[in-house]
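Below is one structure, written out as structure tokens, with a few remarks after it.
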Amino acid sequence: MTATDSNEASGEGQTVTREELDSVVIRFAGDSGDGMQLTGSQFGATSALMGNDLSTFPDYPAEIRAPAGTTYGVSGFQVHFASKDVRTPGDAPDVLVAMNPAALMVNLPQLKPHGVLVINTDAFTKANLKKAGYEANPLEDHSLDAYRLLAVDITKRTLEAVRPHGLSSKNGARCKNVWTLGLLYWLFDRDPAPTTQWLETKFKKKPDIAEANKAALRAGHIFAENTALPNGIHPYTVPKAELPKGTYRSIDGNTAAAYGVVMGAKLAGLPVMYGSYPITPASALLHHLAKLKHMDVTTFQAEDEIAAVCSAIGASFGGALGVTGTSGPGLALKTEAVGLAIGAELPLVIVDVQRGGPSTGLPTKTEQSDLLFAIYGRNGDAPLPVLAAATPGDCFHMAVEAVRIATQFMTPVILLTDGYLANGAEPWKIPDLDAYEPFPVTFQTETENFQPFAHDPETGIRRWVKAGTPGLMYRTGGLEKADGPGNISYDPDNHQAMTTMRADKIARVADSIPEAVIEQGEATGELVYVGWGSTHGAITQAVGQLLGEGHSVSHIHLRYMNPLPKGLERLLRGFKQVVVPEMNNGMLDKVLRAEFLIDAKGVNKVKGLPFQIHELVEDAYQRLGVNHEHSNVIAMGAE
Amino acid sequence: MNATIPANALKKKDFASDQDVRWCPGCGDYAILSGVQKAMAEVGAPPHQVAIVSGIGCSSRFPYYMGTYGFHSIHGRAPAIATGVKLANPELHVWVITGDGDGFSIGGNHMLHVLRRNVDLNIILFNNEIYGLTKGQYSPTTEIGHVTPSSPYGSIDQPVIPARFALGAGAGFVARGYDVAKELSALFVEAHAHQGASFVEVLQNCVVFNDGIFEEVANKKTGSDHHIWVKNGEPMIFGKAQDKGIRVSPKTGHLEVVALGDGITEDDLCRHDETNVERAWDLAHMEGGLTAFGVLYRVPGVAYDAAVRQQLADVKAQKGNLTMEELLRQGHTWDV
């Protein structure tokens, strides 16, 4: 973005004048095997430790190792770090690190005008250029003249740096990402110590690799310090952000959701039984929970998605908290079993980390296209609560909520997150756990007049009976049950009553969730954006900008998708235009139309990528009839 | 771990529910139900410590007729649900009731995995070689050529041999019986005693859609000439006149049926060895119209659920309890 100040920082024995920036977006891009995810996440972690606010966005192919040098094998990681509030990984990068021609080919179009371009010249061989689709070498044909180019023979310099550690040239060259990280650390005034420590821990059992990487990191740092930087590139610094006081950590959505499930189970007083089948991008939920055996968490890697959800249902029947996690195709397989849990009135938490669809779709790319499926996608009248987390950190709280609702209402609950939340990281203020009200489960134990499917006349909720309790032996299943005794019933009036009871029970969840609120802007006006899930960051920043420009725009963000929070209709009716930005082809707008007969419109994007702020700002201009000149946003420090 | 009540304290009727049994009159399922109830009384597990999980099909209505905990789940998935029940509540004796369609068609995958994992479940396969509840289509165990509504010109599907499937999946306990056999309840007692997945195939007559297919094997008059009850360590002799047996063929090395006499004596016969998987494989499908009953294969092993509990205990002992606060503060944190 823009330089705000300049200050002087002292390096080793010399004084460096650093240009102060309030916000920078860097995209690291290279081959799938170039270690870009690791480089980006280290840069992000270091920036978080240094007190910046930040948001990260990993963007990688589904193939584990796509053929080297190809455009479809390009792996990217974007880091947005700033001295101010950051809600998205940033629209266009200020800095692009391109480790090979394919990475340049794929990512250059997004780089801001006058952006900083760091290139590994050693990878720009004839063969690599051809694979990437370049007819001429862009380093030689002046096609990059519009950018601030820092072209370095990174591979060669990395090999020189690691030579003393006796690595093969193949292994040595693999340290080039860490060398590059060293260069950027110096350029942006980052402390290399956390990464040095991280390397020591990661390669504890391979000290030669650890030493080689540390040498590469140092060498990149020293190179940047001692080289004459090309015209227009200076040393920069990004001061600390002003964040609310507290203890922070970095967290991604999958970690937060996994920990939230454990927290929820503690508040309910239950052990967790997590049954799951590996699926991108939800597998990390299983990985995290599998490590928590000392926290009353049992994990079961099932043979398939159906067995995964069924094991969780069996566990709930047995008195544990049954939880399963998956992504779209897996949720499709689980649907029959979810209906069973609805009919058997058993708690079950299902975390759906959404990805691009249909079918296998875009496994590593983000989308919000399971909303209607989550709300409606089962045979029969089979309602259940659906929740959605808005940020990586929010996955923790919403997972707790999913457990609360599942156990209190004796129902399966679907928690929607997505690939962007799951893999994206942000600094997260560790919540005050004492502020969470426990919701302990009390199993039925009284045997007198016991009826397994007796429903509370007020709430329609049955008591949870733990299989194994003396005197309460009962039979359950997927067949319709007689209200009360629970025996098989084909009685017409009973099915009518049970169907109504199941629907009313879920509708009553609305009594236990927060009412709808306006997050930004006035309570009435011209235009309201109604978002849900991971669009939160982009909508927040877009609406913030629009409000700053004096436009009548507001923002409502939904975390409870079914039932919808109370008061929503009243709020929506306060606006002339109701617009739903979604990473799908139009879903929440349909729900709002169906529920409220309101003419909700959609802003829809299904590119496997999150919304950019300017996309929403431009949408608002159009809807508000604002004539605006295209703001020529140029890269940081380029004026 | 599993509590038991002194012998004779429990009666068969303690395991019956108050629901009317609604199988067709004459269905083999009645005898199996009776066998299970009798076995449970003998084992002495109190009804509240028993959970019966089934899938979908005629046999899967079984839990409704038991006075225990019961879960009539969805088609083919009983092994997965039962695994969850056992993991959540290891004190329960968990039984899986399934049929040839439920267990080997739609639920074949789960059957493979529950057996190879060796979850401590007692799995009873009701094999009637037909789809009953959907009115008579051929099943994965139906013989080739069988005419059914979905195979009007005869089934051309190669049938699966359940006991061989179980052996191939690595099951540690594979047994077989038939619905009206007086030995059936004893077989269930043996299955219950085994730690790990016990697989018991029960040949079951469907009076409506496949009546009499096991007649020759199960009939009191003819059965003893067409079946053998194998007992560990004992020579494999059978026949009404005890005039037939099973020996290892000197030509093929596999088991074969022989007539005693003509130079072949009891000493030439094979003694049943429950731990010999090759012999069990042969017994699972004998040539010449002979069906082997009894415990075909039994080896001890570590049950999956026991290993899960052990690992939980080990990790807890090694790492101690971790609080939520500590979990969230693991790794890099910083104060603002």
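Report yes if residue A:334 is charged (D, E, K, R), free of Cβ contacts under 8 Å to residues at least 12 places away in the same chain and within 11 Å of chain B (Cβ to nearest Cβ), otherwise no.
Working: charged (D, E, K, R): yes; free of Cβ contacts under 8 Å to residues at least 12 places away in the same chain: no; within 11 Å of chain B (Cβ to nearest Cβ): yes.
Taking the combined requirement at face value, the residue does not satisfy it.
Name the residue, out of B:168, B:132, B:108, B:84, that is touching a Cys at 6+ places or on another chain (Cβ under 7 Å) and without any contact (Cβ under 8 Å) to a residue 60 or more places away in the chain. It would help to see each step written out before you state the result.
Values: B:168 fails: touching a Cys at 6+ places or on another chain (Cβ under 7 Å); B:132 fails: without any contact (Cβ under 8 Å) to a residue 60 or more places away in the chain; B:108 fails: touching a Cys at 6+ places or on another chain (Cβ under 7 Å).
After ruling out the rest, the residue left standing is B:84.
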- Checking residue A:90 against (1) buried (at least 24 other Cβ atoms within 10 Å of the Cβ); (2) modelled with pLDDT of 95 or more, which test does it fail? (2)
- Which pairs do you get when a residue that is more than 7 Å from chain B (Cβ to nearest Cβ), found in segment A:307-320, comes within reach of a residue that is part of a helix (DSSP H, G or I) and surrounded by 24 or more Cβ atoms within 10 Å (Cβ to Cβ), reach meaning Cβ atoms under 6 angstrom, with the pair 6+ apart or on two chains? A:309/A:334; A:309/A:337
- Task: Answer yes if at least one residue in segment A:325-339 is surrounded by fewer than 23 Cβ atoms within 10 Å (Cβ to Cβ), more than 19 Å from the chain's Cα centre (by Cα) and polar (S, T, N, Q), and no otherwise.
- Result: yes
- Item | Qualifying residue in segment B:130-138 (condition: surrounded by 24 or more Cβ atoms within 10 Å (Cβ to Cβ), of a type in the set (S, T, N, Q), at pLDDT 95 or above and more than 23 Å from residue B:191 (Cα to Cα)) | no
- Quick check: is even one residue across segment A:385-405 crowded, with 24+ Cβ neighbours inside 10 Å, modelled with pLDDT under 95 and assigned by TED's automatic domain parsing to the domain that holds residue A:369? no
- Query: farther than 28 Å from residue A:442 by Cβ and modelled with pLDDT under 95, is that true of residue A:244?
  - Reply: yes
- residue A:204 meets each of (1) in contact (Cβ under 8 Å) with a residue 60 or more places away in the chain; (2) among the basic types (Lys, Arg); (3) more than 17 Å from residue A:97 (Cβ to Cβ) with one exception, condition (1)
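Counting just the residues of segment B:162-206 that are charged (D, E, K, R) and assigned to a strand (DSSP E or B), which one comes out nearest to the chain's Cα centre (by Cα)? Quick ask: steps written out before the conclusion?
Of the residues in segment B:162-206, the ones charged (D, E, K, R) are B:164, B:176, B:179, B:182-183, B:190, B:201.
Okay, now just the ones that are also assigned to a strand (DSSP E or B), so B:176, B:201.
Details: B:176: 7, B:201: 5 Å.
By that ranking, first place goes to B:201.
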- Task: Check segment A:351-364 and report whether any residue there is within 13 Å of chain B (Cβ to nearest Cβ), at positive phi and either in a loop (DSSP other than H, G, I, E, B) or surrounded by fewer than 23 Cβ atoms within 10 Å (Cβ to Cβ) (or both).
- Result: no
- Within segment A:216-245, track down each residue that is of a type in the set (Gly, Ala, Ser) and touching a Lys or Arg at 6+ places or on another chain (Cβ under 9 Å). A:216, A:219, A:220, A:232, A:241
- Does residue B:298 satisfy the criteria of being under 30 Å from residue B:82 (Cα atoms), over 24 Å from the mean Cα position of the chain (by Cα) and touching a residue at least 40 places away in the same chain (Cβ under 8 Å)? no
- Query: What are the residue pairs meeting all of these: first residue in segment A:294-306, first residue more than 7 Å from chain B (Cβ to nearest Cβ), second residue assigned to a strand (DSSP E or B) and not β-branched (Val, Ile, Thr), Cβ atoms under 6 Å, and 6 or more apart or on different chains?
  - Reply: A:299/A:274
- Output for segment B:315-336, where each listed residue is of a type in the set (Asp, Glu) and more than 7 Å from every other protein chain (Cβ to nearest Cβ): B:326
- Message: Looking at segment A:420-468 only, could you name the residues that are in a loop (DSSP other than H, G, I, E, B), more than 14 Å from every other protein chain (Cβ to nearest Cβ) and either touching a Cys at 6+ places or on another chain (Cβ under 8 Å) or crowded, with 18+ Cβ neighbours inside 10 Å (or both)?
- Response: A:424, A:460, A:463
- Does residue A:614 meet the test of being outside any loop (DSSP other than H, G, I, E, B) and not hydrophobic (A, V, I, L, M, F, W, C)? yes
- Message: List the helices (runs of 4 or more DSSP H) inside segment B:245-336, counting only whole elements, that have at least 1 residues being of a type in the set (A, V, I, L, M) and farther than 24 Å from residue B:162 by Cβ.
- Response: B:304-319, B:324-328
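Which of the strands (runs of 3 or more DSSP E) found entirely inside segment B:17-113 contain at least 1 residues meeting this: more than 8 Å from chain A (Cβ to nearest Cβ), buried (at least 23 other Cβ atoms within 10 Å of the Cβ) and touching a Lys or Arg at 6+ places or on another chain (Cβ under 7 Å)? Quick ask: steps written out before the conclusion?
Numbers: elements: B:50-54, B:69-72, B:93-99.
Per the criteria, B:93-99.
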- Residue, farthest from residue A:85 (Cα to Cα), within segment A:235-257, restricted to residues that are of a type in the set (A, V, I, L, M) and more than 10 Å from chain B (Cβ to nearest Cβ): A:257
- Message: Need the failing condition index for residue A:393 against (1) more than 12 Å from chain B (Cβ to nearest Cβ); (2) closer than 24 Å to residue A:60 by Cα, just the number.
- Response: (1)
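On the basis of being touching a Leu at 6+ places or on another chain (Cβ under 7 Å) and surrounded by 14 or more Cβ atoms within 10 Å (Cβ to Cβ), does residue A:188 make the cut? Step through it out loud before you land on a result.
Numbers: touching a Leu at 6+ places or on another chain (Cβ under 7 Å): no; surrounded by 14 or more Cβ atoms within 10 Å (Cβ to Cβ): yes.
For residue A:188, the condition - touching a Leu at 6+ places or on another chain (Cβ under 7 Å) and surrounded by 14 or more Cβ atoms within 10 Å (Cβ to Cβ) - is not met.
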- Item | residue B:310 within 14 Å of chain A (Cβ to nearest Cβ), under 24 Å from residue B:116 (Cβ atoms) and out of contact with any Leu (no Cβ under 8 Å at 6 or more places or on another chain) | yes
- Message: Looking at A:54, A:38, can you tell me which residue is modelled with pLDDT of 90 or more and either crowded, with 24+ Cβ neighbours inside 10 Å or in contact with a Phe, Trp or Tyr (Cβ under 8 Å, 6 or more places away or on another chain) (or both)?
- Response: A:54
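The values are calculated or read from the model by the stated rules, or taken from the named source; none is laboratory data. Quick caveat: nothing in here was measured; it's all calculated off a predicted structure. Don't worry about glycine lacking a Cβ; one is built from the backbone with ideal geometry, like all the others, and counts go over all protein chains shown.
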